[in-house]
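See below for the structure under consideration.
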Amino acid sequence: MKRFFSLFCLLLNLLFLASLFFAYSLIRKGFTARSTPPALEKIIATTALSLSIPQSVKEMKNPIPYSQAVLDEARDHFADHCALCHGNNGSGETPVGQNLYPKPTDLRSKEAQKKSDGEIYYIIHNGIRWTGMPAWGEAKEPDEDSWKLVHFIRHLPYLTKEEEEKMKKMNPISPQEIQEEKEEEKFLEEDNSLGDASKEQQEQ
């Protein structure tokens with residue numbers, strides 16, 4: 001009992017010190033998303049996330065059988081929904097991803113790949129509070145799209161350049177890019193019309 005009380009007091013002290021450190025970081029840096037989370041904050045957040053996932057979920061295996069068709073579908077889904085923050089290759093090195101707080105984990109890393117199928121599914125399906133990670137898929141269980149994405153995330157360390165090129169065609173186009181395409185098409189049309197008029201004058 002005495003040992004338990006000592007451990008409990010130690011835990012409270014650690015939490016108090018962590019709170020002081022977090023408060024100091026906020027006062028010094030504010031709520032800017034540009035900074036990198038300190039190691040202690042990362043450890044606390046990672047531990048809290050792990051503890052929030054039920055053990056029964058961690059032990060779940062992917063119920064969707066692996067196939068090339070499933071992988072292709074998940075790849076297109078990832079390119080359309082996830083690549084904006086994570087990048088097509090899962091690195092997280094995108095303009096959006098690098099300006100989030102915390103920044104997205106490199107999904108090819110050992111840290112990400114060592115998570116169980118159930119953990120990856122849980123994070124995709126439910127999202128993570130106070131981060132840029134939203135809850136995806138249907139609210140009902142099982143969420144087959146999220147389970148298919150687990151297969152693709154397992155595949156990311158082995159992604160080929162050819163697959164990345166295919167994914168680029170599935171990436172969403174921003175309003176700015178749409179406007180630029182329209183302006184380019186308009187310019188080409190005007191250029192062609194001027195060229196046709198010039199040919200007509202020469203023929204006359």
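Could you rank the peptides 70-77, 182-189 by their average count of other C-beta atoms within 10 Å per residue, with the highest value first?
Highest mean packing first, the order is 70-77, 182-189.
Say R0 is 41 Å: what FRET efficiency, to the nearest 0.05, do Ile128 and Glu190 get from their beta-carbon distance?
Between Ile128 and Glu190 the formula returns 0.25.
Any lysines with Cα under 22 Å of the Lys42 Cα? List them, leaving off those in the same chain fewer than 8 positions away.
Here the lysines satisfying the reach criterion relative to Lys42 are Lys29, Lys58, Lys103, Lys110, Lys114, Lys115.
Of the options Val150, Pro102, Met167, report the single residue whose Cα projects farthest towards the positive end of the charge dipole of region 82-179 (beta-carbon charges: Lys, Arg +1; Asp, Glu -1).
Positive-most Cα among the choices belongs to Pro102.
Pop the C-beta distance of Val96 and Ala135 into the FRET formula with R0 = 25 Å and round what comes out to the nearest 0.05.
E(calc), rounded to 0.05, equals 0.90.
For Gly87, enumerate residues with amide H under 5 Å from its amide H, sequence gap 5+ or separate chain, H modeled in the peptide plane.
For Gly87, whose amide H was placed from the backbone, the distant partners under 5 Å are Gly92.
Can you compute 3J(HN,Hα) from phi for each residue in region 72-89, using the Karplus curve 6.51 cos²θ - 1.76 cosθ + 1.60 with θ = phi - 60°, rounded to whole Hz and x for Gly and Pro?
5, 5, 5, 4, 5, 4, 4, 4, 7, 10, 10, 5, 4, 9, 8, x, 4, 8
Bear in mind these aren't lab numbers, they're just calculated from the coordinates by the rules spelled out. In this text, all values refer to a predicted model and were calculated from it rather than measured experimentally. Every residue, glycine among them, receives a Cβ derived from its backbone with ideal geometry; neighbour counts consider all protein chains shown.
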